[in-house]
């Protein structure tokens with residue numbers, strides 16, 4: 001028994017001895033061999049400097065540089081290391097006040113404690129930093145780190161490119177890749193492609209002497225990690241065409257969206273009023289953002305091309321023509337007589353002329369309201385449906401296939417779905433079983449509860465130009481050397497037989513030759529277009545136009561909206577024709593037309609409405625008793 005106990009004693013002693021030896025070896029390794037422990041414990045000698053990678057550059061489809069980088073410097077502070085120095089001299093070197101200095105130190109302590117480096121002053125210009133760096137050794141506790149800020153050489157496409165800003169505390173808690181003081185894409189391409197553009201941060205371990213002067217890299221950079229530059233992007237837009245479109249839209253509120261029907265690539269996406277994207281860069285960004293945000297008349301931050309919703313007006317008649325043919329209630333020889341308006345019971349829809357008896361092609365060319373009200377009635381009263389509700393739901397499925405009323409799968413943020421009423425909406429407003437085709441007749445001419453975005457209008461033109469299919473509109477061609485995802489190379493078909501598109505294209509061609517937009521015909525180019533004069537509950541009508549060209553195998557499809565521009569032929573059609581001429585011919589021969597568009601001013605009407613609002617601006621009733629949604633600046637789906 002005693003022998004067994006003695007054996008246990010030796011075993012326990014051996015285990016204890018082995019543990020002691022292991023502990024001694026570990027301490028020896030940590031203190032004399034493992035360099036990383038030294039780095040963690042030597043904050044006064046070694047400092048970990050974040051190496052921010054340059055964000056990827058952005059190019060247009062032709063290789064023109066749209067977004068690049070420029071060096072900027074952050075002044076860093078570790079409050080616990082601050083020693084007495086000339087505060088007045090420090091403030092003078094950086095161009096700040098003593099109050100700014102005190103506020104910066106307090107903020108650093110609150111955000112990051114007194115013992116860790118944090119940003120004291122962001123994005124100091126190279127000029128200021130060059131002079132300050134020579135005196136940095138005098139200011140104990142202060143260091144610097146280099147980062148890059150965005151620059152926009154062409155000063156175009158702010159709503160496409162977007163801007164970057166500081167991450168918030170909530171995001172930092174959710175995503176370990178970011179920490180306070182980092183930057184992230186806030187809008188546009190910068191937001192959508194943040195993961196590709198941002199790159200990967202590195203760390204440089206620097207040594208400093210007792211005078212706070214930089215000595216060099218620790219161990220010649222052995223423990224440094226290099227930053228990885230973000231991927232370059234090639235976007236689909238034509239920068240020259242974008243720039244031209246922005247000039248045409250000067251002093252106008254509205255948008256231009258142009259798409260290559262063969263690929264779905266967005267050639268131009270203009271939202272006007274716009275701003276110089278360089279305003280959203282560096283230390284002036286916050287001040288400029290607040291200024292732009294306060295502009296309640298122009299609303300330059302609002303992306304009208306993706307977010308504004310307008311009644312499509314007569315541009316919608318092309319879709320009605322296609323649905324009517326597919327439903328078998330309309331063909332190219334169907335005639336209706338126009339006495340100057342459509343009348344049924346106590347409901348009337350005026351026409352802008354007495355068109356007489358028309359067939360489908362000429363009804364499109366002269367945009368006859370009477371004709372398309374009759375077409376809509378025939379769709380809603382189609383005998384193959386047991387009720388108006390069933391016919392309406394079938395009609396609605398056709399409309400959604402054109403992308404109206406659904407969110408577009410575009411690779412830009414904030415694109416809205418537009419407004420397309422449902423049966424439930426009418427049941428709620430009129431009462432179930434208490435509404436018929438005549439009740440909702442304003443849908444026939446693109447009014448009533450319909451609301452579309454300019455992007456949807458341009459895609460509608462692309463579908464007609466392609467005779468029944470489209471590619472999802474997108475803004476990026478490639479990330480680095482990799483093309484965009486496969487979903488953008490997939491054809492999407494609408495449930496309309498291709499044979500029915502030819503008569504609609506013929507009618508749109510007549511619009512340019514003898515119809516409502518004949519004044520905007522382009523010599524030498526066979527162009528198909530459709531004007532729209534959409535009612536605006538808050539004031540003057542909106543001027544709309546959609547088009548594609550050439551007629552066969554089109555290379556461009558376009559929509560133009562000029563808010564408060566009156567008839568579609570007055571502003572939208574001429575601007576669209578100039579854009580098409582510029583893209584296809586690379587020159588403009590109609591100098592007089594170009595000058596009128598460049599010098600034109602319609603934004604004055606918008607200012608008048610903002611300063612002198614009409615009563616009941618948000619909702620009004622149309623001739624059928626329906627509520628019409630207000631046009632314009634909608635920031636979320638209804």
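Numerical summary
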| quantity | calculated |
| --- | --- |
| Among (1) surrounded by fewer than 13 Cβ atoms within 10 Å (Cβ to Cβ); (2) modelled with pLDDT of 90 or more; (3) within 25 Å of residue 164 (Cα to Cα), the one test that residue 64 misses | (1) |
| Residue 412 vs. criteria part of a helix (DSSP H, G or I), crowded, with 23+ Cβ neighbours inside 10 Å and touching a helix residue (DSSP H, G or I) at 6+ places or on another chain (Cβ under 7 Å) | no |
| Tally, over region 368-390, of residues that are touching a residue at least 24 places away in the same chain (Cβ under 8 Å) and assigned to a helix (DSSP H, G or I) | 14 |
| Residues located in region 133-150, provided they are in contact with a strand residue (DSSP E or B) (Cβ under 7 Å, 6 or more places away or on another chain) and buried (at least 17 other Cβ atoms within 10 Å of the Cβ) | 136, 141, 142, 143, 144, 145, 147, 148, 149, 150 |
| Of all residues in region 190-229 being touching a strand residue (DSSP E or B) at 6+ places or on another chain (Cβ under 7 Å) and assigned to a loop (DSSP other than H, G, I, E, B), the one that is modelled with the lowest pLDDT | 209 |
| Failed item, numbered, when residue 578 is tested on (1) assigned to a helix (DSSP H, G or I); (2) without any contact (Cβ under 8 Å) to a residue 40 or more places away in the chain | (2) |
| Unmet requirement for residue 140, which otherwise passes all of (1) in contact with a helix residue (DSSP H, G or I) (Cβ under 9 Å, 6 or more places away or on another chain); (2) more than 30 Å from residue 241 (Cβ to Cβ); (3) in a strand (DSSP E or B) | (3) |
| Region 162-189, residues that are crowded, with 23+ Cβ neighbours inside 10 Å and in a helix (DSSP H, G or I) | 188, 189 |
| Test: residue in region 252-261 that is on the phi > 0 side of the Ramachandran plot and either in contact with a strand residue (DSSP E or B) (Cβ under 8 Å, 6 or more places away or on another chain) or in contact (Cβ under 8 Å) with a residue 24 or more places away in the chain (or both) | yes |
| Only one of 283, 271, 314 that is part of a strand (DSSP E or B) and either farther than 24 Å from residue 411 by Cβ or assigned by TED's automatic domain parsing to the domain that holds residue 557 (or both) | 271 |
| Residues of region 537-551 that turn out to be farther than 14 Å from residue 453 by Cα and either without any contact (Cβ under 8 Å) to a residue 24 or more places away in the chain or surrounded by 24 or more Cβ atoms within 10 Å (Cβ to Cβ) (or both), as a count | 3 |
| Scope region 100-130; condition at pLDDT below 80, in contact with a strand residue (DSSP E or B) (Cβ under 9 Å, 6 or more places away or on another chain) and either at positive phi or assigned to a helix (DSSP H, G or I) (or both); matching residues | 111, 112 |
| Residue within region 265-283 that is at pLDDT below 95, surrounded by fewer than 19 Cβ atoms within 10 Å (Cβ to Cβ) and closer than 30 Å to residue 48 by Cβ present | yes |
| Selection status of residue 474, modelled with pLDDT of 95 or more, closer than 30 Å to residue 60 by Cβ and out of contact with any helix residue (DSSP H, G or I) (no Cβ under 8 Å at 6 or more places or on another chain) | no |
| Matching residues, region 533-555, being closer than 19 Å to residue 506 by Cβ and in a strand (DSSP E or B) | 545, 546, 547, 548, 549 |
| Scope region 239-263; condition within 16 Å of the chain's Cα centre (by Cα) and under 25 Å from residue 552 (Cβ atoms); matching residues | 256, 257, 258, 259 |
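Quick grid of which residues meet (1) in contact (Cβ under 8 Å) with a residue 60 or more places away in the chain; (2) within 30 Å of residue 254 (Cα to Cα); (3) buried (at least 24 other Cβ atoms within 10 Å of the Cβ):
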| residue | (1), (2), (3) |
| --- | --- |
| 295 | no, yes, no |
| 301 | no, yes, no |
| 311 | yes, yes, yes |
| 321 | yes, yes, yes |
| 337 | no, no, no |
| 342 | yes, no, yes |
| 356 | no, no, no |
| 359 | no, no, no |
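The values are calculated or read from the model by the stated rules, or taken from the named source; none is laboratory data. Being a predicted model, the structure only gives us computed values, none of them experimental. We place every Cβ from the backbone using ideal geometry, glycine too, and count neighbours over all the protein chains shown.
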